[in-house]
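Asks: After the structure tokens below, expect a handful of questions from me.
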Amino acid sequence: HLDVTSSIIAPVNTAAKLLLAMRRNALDWQISHLQTVARQHGIDWRHDATSHCVFVRIDGKTLPVPARRPIKPIYVKRFIELVDGA
């Protein structure tokens, strides 16, 4: 028996909580956190052995983010704008 509901809701809740926390505090995030939020909001990314992860929205808008940790707050704020459709 596979509980489909929990396997779908858990990632949504995690992504929603991450995005809310990013809105509150743009410090100390890792690229994997941004990727989790991006996945839930239908934003693709590519990170091919380069120093940057490039997030690509469905309308073609892109945002390159340096993949080193921690990510600078300005990139987190720009990422939130990308998610919000700005």
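Here's the yes/no breakdown for (1) of a type in the set (S, T, Y); (2) modelled with pLDDT of 95 or more:
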{"residue": "T14", "(1), (2)": "yes, no"}
{"residue": "L27", "(1), (2)": "no, no"}
{"residue": "A38", "(1), (2)": "no, yes"}
{"residue": "D44", "(1), (2)": "no, yes"}
{"residue": "T50", "(1), (2)": "yes, no"}
{"residue": "V54", "(1), (2)": "no, yes"}
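This table checks each residue for (1) more than 12 Å from the chain's Cα centre (by Cα); (2) in a helix (DSSP H, G or I); (3) at negative phi; (4) of a type outside the set (D, E, K, R).
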| site | (1), (2), (3), (4) |
| --- | --- |
| K17 | no, yes, yes, no |
| L27 | yes, no, yes, yes |
| G42 | no, no, no, yes |
| A49 | yes, no, no, yes |
| C53 | no, no, yes, yes |
| F79 | no, yes, yes, yes |
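Asks: Residues being open to solvent by 40 Å² or more (accessible area, probe 1.4 Å) and in a helix (DSSP H, G or I): count how many of those fall in region 59-77. It would help to see each step written out before you state the result.
Replies: Restricting attention to region 59-77, the residues satisfying the condition of being open to solvent by 40 Å² or more (accessible area, probe 1.4 Å) are 59-62, 64, 68-70, 72-75, 77.
Pick out the ones that are also in a helix (DSSP H, G or I) and you get 73-75, 77.
Counting residues in region 59-77 that are open to solvent by 40 Å² or more (accessible area, probe 1.4 Å) and in a helix (DSSP H, G or I) gives 4.
Asks: Being touching a residue at least 40 places away in the same chain (Cβ under 8 Å) and either of a type in the set (D, E) or surrounded by fewer than 17 Cβ atoms within 10 Å (Cβ to Cβ) (or both) is the filter here; which residues of region 29-40 pass it? Spell out how you get there, then give the answer.
Replies: Taking region 29-40 and keeping what is touching a residue at least 40 places away in the same chain (Cβ under 8 Å), we get 29-31, 34, 37-38.
Within region 29-40, Q30 is the sole residue that qualifies.
The values are calculated or read from the model by the stated rules, or taken from the named source; none is laboratory data. These numbers come from a predicted model, not from an experiment. FYI the Cβ positions are ideal-geometry reconstructions off the backbone, even for glycines, and counts take in every protein chain you see. When the accessible area is computed, the model is the full protein with side chains, heavy atoms only, and any ligands, DNA or RNA have been set aside. Shrake-Rupley method; radii C 1.70, N 1.55, O 1.52, S 1.80 Å.
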